[in-house]
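**Student:** I'd like to ask you about the structure that follows.
The values are calculated or read from the model by the stated rules, or taken from the named source; none is laboratory data. This structure is a prediction, so every number in the text was calculated from the model and none was measured. In this analysis, Cβ positions are derived from the backbone assuming ideal geometry, glycine residues included, and neighbour counts consider all displayed protein chains. We work out accessible area using only protein heavy atoms, side chains counted, and drop any ligands, DNA or RNA first. Shrake-Rupley method; radii C 1.70, N 1.55, O 1.52, S 1.80 Å.
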Amino acid sequence: DKQDLKDKVVIDYGCGSGILGIAALLLGAKQVYAVDLDPQAVLSTQQNAELNKVEDKIWTGLPEEFEQQFPDLQADVIVANILAGPLMHLAPTFATLAKPQALIAMAGIIEEQVEDLRQSYAKWFNLHTLGQREENWCRLSGERLASV
C-alpha cells in the first residue's frame, strides 16, 4: 500500500481470493492479471472483483490460460503470496514476466527459507527487503535487475 501503483500493470500470481490484485486496482493500478492453479480461487477472485467494481480491469485465469493468452506480457509489479517451494520454481517465470526494474513482493515464506529464495532469484532480482515478521512468516521485496 506504500507503492505508487498509478497506471501500473500488476500480476497477482497465486491470487487466492484476489485481495492483492483488487487492492492494487483500488490503489490506482491500470490492469491486474490474477493467476491461480485452483479454479475455485479464480472464481473467488472474479466474484470479489465484481463486488469491488473493478471487474473490467482484472483478468483472471489458470496459469496455462495466462501463458496462452499473454505470452509476451511484462508487468510493472508482481505480487505472490504462496509457499517458498513454488516461488523458487517460479523464479525464471517471474523474471520473464517482469519489466526491467519491475517491483516484486513475495510472501508465504518462513524465515528459514529466505536465503534459499534470495539465491534462486539473485540472477534476475535484487531482493533486499525482509518484511515484517508475523511469528516466522516473512515477506521479501525488491526489483527486477535492469539487465541480465
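**Student:** Under 7 Å by Cβ, and 6 or more places apart or on different chains, what pairs join a residue from segment 27-45 that is touching a residue at least 40 places away in the same chain (Cβ under 8 Å) with one that is in a strand (DSSP E or B) and open to solvent by 30 Å² or more (accessible area, probe 1.4 Å)?
**Tutor:** 33/59
**Student:** Name the residue, out of 102, 80, that is farther than 21 Å from residue 16 by Cα, outside any helix (DSSP H, G or I) and among the small types (Gly, Ala, Ser).
**Tutor:** 102
**Student:** From the residues in segment 31-57 that are in contact with a strand residue (DSSP E or B) (Cβ under 6 Å, 6 or more places away or on another chain) and open to solvent by 20 Å² or more (accessible area, probe 1.4 Å), which one is farthest from residue 75 (Cα to Cα)?
**Tutor:** Here the answer is 46.
**Student:** As an exercise: evaluate residue 92 against (1) surrounded by fewer than 12 Cβ atoms within 10 Å (Cβ to Cβ); (2) at pLDDT 95 or above and give the number of the one condition it does not meet.
**Tutor:** (1)
**Student:** Scan segment 68-85 for residues that are closer than 19 Å to residue 102 by Cα and over 13 Å from the mean Cα position of the chain (by Cα) and jot them down.
**Tutor:** 70, 71, 72, 73
**Student:** Find the strands (runs of 3 or more DSSP E) located wholly in segment 1-74 whose residues include 1 or more that are in contact with a Lys or Arg (Cβ under 9 Å, 6 or more places away or on another chain), and list them.
**Tutor:** Numbers: elements: 9-13, 31-35, 58-61.
Ranges flagged: 9-13, 31-35.
**Student:** Consider residue 1 against the criteria (1) at pLDDT below 95; (2) over 29 Å from residue 145 (Cβ atoms): it satisfies all of them except one. Which criterion is unmet?
**Tutor:** (2)
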